[in-house]
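Engineer: Below you'll find the structure I mean.
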Amino acid sequence: MMWKLYIPDGEQDILADAARLKRETENAMIEVFRHGGFEEIVTPALEFYDSFSGQRDIIPEENMMKLVDGEGRILVLRPDLTVPCARVAATKLRDVRPLKFFYCQNVFRSKKERYLDLKEITQAGCEIIGDPRPDADAEIIATAIESLLKAGLKDFTVELGQVNYFKGLMNETELPFAEKDRLRHLIDKKDFLGLEQRVDEDRLSGDLKKALTELPALYGDVSLLKGLRQYRFGAKAKDAIENLSEVVANVAKAGYGPYLAVDLGMVSELSYYTGVIFQGFAPGFGTPILSGGRYDHLVEKFGEPTAATGFSVNVDFLLDILGNREEGNAE
């Protein structure tokens, strides 16, 4: 077979019309980023594997494209853009805080990205490094929403969670880590029956039992946050609700309230994120087109502890949605 006539599995050629639409979409989002005071950062496609090792919540090791350089060192084609931003902040710009980065570059995965079957995708996003305030989370979420709107997407929802709510509830127990993770998994799968059985077996009761068993159903309008203040449990869970409420209020104040929903059952992976987390969905498209959150412990991996929050948009998913919307309107 003449392989020179083909491209590798999981790659794509983007021809004239599609390339023009992609560039216009990227430029529209970049305009929002620049207007918000974010400055562009361009990091290399090749990074040392050590920069990404131990970050399974971001990208599993088996999903990284690895190679070896001439000196025998393991490299990866960057599978993510947040980690390089953290590396730059902790090394080259350690005396500058806060930092406001944006990027629009390709990332590479050894396994195909869901839905579009791509191993190389474009991510556009922003990071605020060195600002622990809820205002920074709200700014990131508002910027994410505005970038989708500017790109031409009008119908979407950004679902918000707070990882410290679940962590705070678990702090009220003396359960071993394995059992806490089992409960987390049941909540993530929205297995109501299985969760109730485990909670009973763990002999949890009172407000803690109520709060845990209702977690998979805590999805909907942001007003549901008010009802959680009735429960009596520790400071960490209470602070998480207050923090999320403040972020929601700030985003709404900026005019983006109609795009928000709350999902406190968003507990798929928790070790990477440290506060507010969020995902963006478009109707009829089951995969998130954007994701982000607070990750206050990532930068310290490179030797400089500091707060951070950010998001990224899967540009290829966004373009597919926009293309389908246009075809539907044409019909």
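The values are calculated or read from the model by the stated rules, or taken from the named source; none is laboratory data. Note that this is a predicted model, so its numbers are computed, not measured. Positions of Cβ are backbone-derived with ideal geometry, glycine not excepted, and every protein chain shown enters the neighbour counts.
Engineer: Pairs please, first residue from the stretch 96-125 and under 19 Å from F38 (Cβ atoms) and outside any strand (DSSP E or B), second anywhere and at pLDDT 95 or above and not aromatic (F, W, Y), Cβ atoms under 7 Å, 6+ apart in sequence or on different chains.
Structural biologist: R97/G130; R97/T306; P98/I128; P98/I129; P98/G130; P98/D131
Engineer: Next up: Do you know which residues across the stretch 216-250 are touching a helix residue (DSSP H, G or I) at 6+ places or on another chain (Cβ under 7 Å), closer than 20 Å to A142 by Cα and among the hydroxyl-bearing types (S, T, Y)?
Structural biologist: S245
Engineer: Residue by residue through the stretch 129-140, note down the ones that are closer than 16 Å to Y103 by Cα and within 14 Å of the chain's Cα centre (by Cα). Spell out how you get there, then give the answer.
Structural biologist: So the first thing to find is which residues in the stretch 129-140 are closer than 16 Å to Y103 by Cα, and the list is 129, 140.
I140, the sole residue that qualifies.
Engineer: Report, ordered by the first and then the second residue, all pairs with beta carbons closer than 6 Å, sequence separation of six or more or different chains, a first member in the stretch 241-266 that is surrounded by fewer than 16 Cβ atoms within 10 Å (Cβ to Cβ), and a second member that is not in a strand (DSSP E or B).
Structural biologist: Close Cβ pairs (under 6 Å, with a partner that is not in a strand (DSSP E or B)) amount to A254/A142.
Engineer: Follow-up. Return yes or no: is A249 of a type outside the set (S, T, N, Q), touching a Gly at 6+ places or on another chain (Cβ under 8 Å), farther than 23 Å from A124 by Cβ and part of a helix (DSSP H, G or I)?
Structural biologist: Criteria not met by A249.
Here is a yes/no grid of residues against (1) free of Cβ contacts under 8 Å to residues at least 12 places away in the same chain; (2) under 29 Å from K111 (Cβ atoms); (3) exposed (fewer than 13 other Cβ atoms within 10 Å of the Cβ); (4) not polar (S, T, N, Q):
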{"site": "I7", "(1), (2), (3), (4)": "yes, yes, yes, yes"}
{"site": "E11", "(1), (2), (3), (4)": "no, yes, yes, yes"}
{"site": "I14", "(1), (2), (3), (4)": "yes, yes, no, yes"}
{"site": "A19", "(1), (2), (3), (4)": "yes, yes, yes, yes"}
{"site": "R23", "(1), (2), (3), (4)": "yes, yes, yes, yes"}
{"site": "M29", "(1), (2), (3), (4)": "no, yes, no, yes"}
{"site": "Y49", "(1), (2), (3), (4)": "no, yes, no, yes"}
{"site": "I58", "(1), (2), (3), (4)": "no, yes, no, yes"}
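Engineer: Which one is nearest to P288 (Cα to Cα) among residues in the stretch 228-274 that are of a type in the set (F, W, Y) and modelled with pLDDT of 95 or more?
Structural biologist: Only one residue tops the list, namely Y259.
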